[in-house]
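Where a number appears in this text, it was derived from the coordinates with a stated rule and is not lab data. In this text, all values refer to a predicted model and were calculated from it rather than measured experimentally. Methodologically, a virtual Cβ is constructed for each residue, glycine included, from the backbone with ideal geometry; neighbour enumeration extends over all protein chains shown.
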Amino acid sequence: MGVTAAEVHEMVAEARSRGLFLMEAIWTRFFPAVEALRSALAQGTLGDLRVARAEFGKNLTHVPRAVDWAQAGGGLLDIGIYCIQFISMVFGGQKPEKISAVGRRHETGVDDTVTVLLQYPGGVHGSFTCSITAQLSNTAFVSGTKGMAQILDPCWCPTELVVKGEHKEFPLPPASSKEFNFTNGAGMSYEARHVRECLRKGLKESPVIPLAESELLADILEEVRKAIGVTFPQDKC
């Protein structure tokens with residue numbers, strides 16, 4: 001939601017002080033495939049969770065902003081957020097007890113390829129890899145004592161979910177002849193409907209992406225950046 005954790009904390013504080021609605025636009029969480037996964041987890045379909053992993057990577061070096069240090073480019077803030085939000089979602093928005101990270105920096109100073117390991121209470125752990133130069137699987141999975149669930153490519157806007165070997169498809173809403181700038185862009189309507197419902201109910205934040213979790217995600221991403229030695233101009237503000 002911001003480049004630095006301080007920016008995110010400031011936005012949250014400002015919204016709360018003025019009684020305004022604020023939500024991080026993680027559209028992934030409103031896709032029916034992801035909602036089905038959350039339902040399966042809530043029902044205990046996978047048993048006691050043990051591990052979660054996500055990968056998101058493709059060659060984005062042709063996109064000027066992706067490699068622009070001044071605009072806080074790189075993989076972590078642009079596509080890594082989709083990985084860490086998945087891990088946070090399946091583990092209930094808990095704060096990790098330990099964060100380890102390794103990474104490669106691009107020649108422009110932004111993060112190129114990063115792998116992160118997060119240890120959570122109870123000995124469960126999650127990991128993710130994001131990259132702006134390498135093609136990765138672009139999938140995410142969570143495993144427990146009773147089985148595994150996997151969100152298929154594209155994991156950030158999915159229409160397919162496999163739960164304990166059962167493959168399920170969730171077609172996108174009809175979009176007539178409209179063209180979209182992003183893969184599965186018609187799925188942004190899921191997020192839009194959720195925000196509309198929140199506003200109709202007079203809510204100041206989303207129960208699906210609570211502000212406390214957005215602050216936590218920002219803190220995690222900042223700790224990872226520090227671990228791999230990536231800073232941006234905004235860090236000095």
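Here are the numbers:
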quantity	calculated
Options 67, 63; residue that is out of contact with any Lys or Arg (no Cβ under 8 Å at 6 or more places or on another chain), surrounded by fewer than 17 Cβ atoms within 10 Å (Cβ to Cβ) and under 20 Å from residue 135 (Cβ atoms)	63
Matching residues in region 89-108 - criterion: being part of a loop (DSSP other than H, G, I, E, B), surrounded by fewer than 17 Cβ atoms within 10 Å (Cβ to Cβ) and not basic (Lys, Arg)	92, 93, 94, 97, 107, 108
Selection within region 8-40 - under 16 Å from residue 84 (Cα atoms) and in a loop (DSSP other than H, G, I, E, B)	24, 25, 26
From the options 113, 145, residue that is in contact with a Ser or Thr (Cβ under 6 Å, 6 or more places away or on another chain) and in contact (Cβ under 8 Å) with a residue 40 or more places away in the chain	113
Unique residue being aliphatic (A, V, I, L, M), closer than 16 Å to residue 215 by Cβ and within 16 Å of the chain's Cα centre (by Cα) when the list is 79, 26	26
Any pair with Cβ under 7 angstrom, 6 or more apart, that starts in region 20-33 at a residue that is in contact (Cβ under 8 Å) with a residue 40 or more places away in the chain and closer than 16 Å to residue 155 by Cα and ends at one that is in a helix (DSSP H, G or I) and aliphatic (A, V, I, L, M)	27/188; 28/34; 29/89
Lone qualifier among 86, 56 - being touching a residue at least 40 places away in the same chain (Cβ under 8 Å) and in a strand (DSSP E or B)	56
Selection count, region 125-137, where residues are assigned to a loop (DSSP other than H, G, I, E, B) and surrounded by 21 or more Cβ atoms within 10 Å (Cβ to Cβ)	1
Counted residues, region 165-192 - those being charged (D, E, K, R) and either part of a loop (DSSP other than H, G, I, E, B) or in contact with a helix residue (DSSP H, G or I) (Cβ under 8 Å, 6 or more places away or on another chain) (or both)	4
Selection from region 42-59 of residues that are small (Gly, Ala, Ser) and more than 14 Å from residue 83 (Cα to Cα)	42, 44, 47
Near pairs, Cβ below 8 angstrom, 6+ apart or cross-chain, from region 206-220 (over 8 Å from residue 23 (Cα atoms)) to any residue that is among the polar types (S, T, N, Q) and in a loop (DSSP other than H, G, I, E, B)	218/4
Count of region 126-152 residues which are over 25 Å from residue 48 (Cα atoms) and aliphatic (A, V, I, L, M)	3
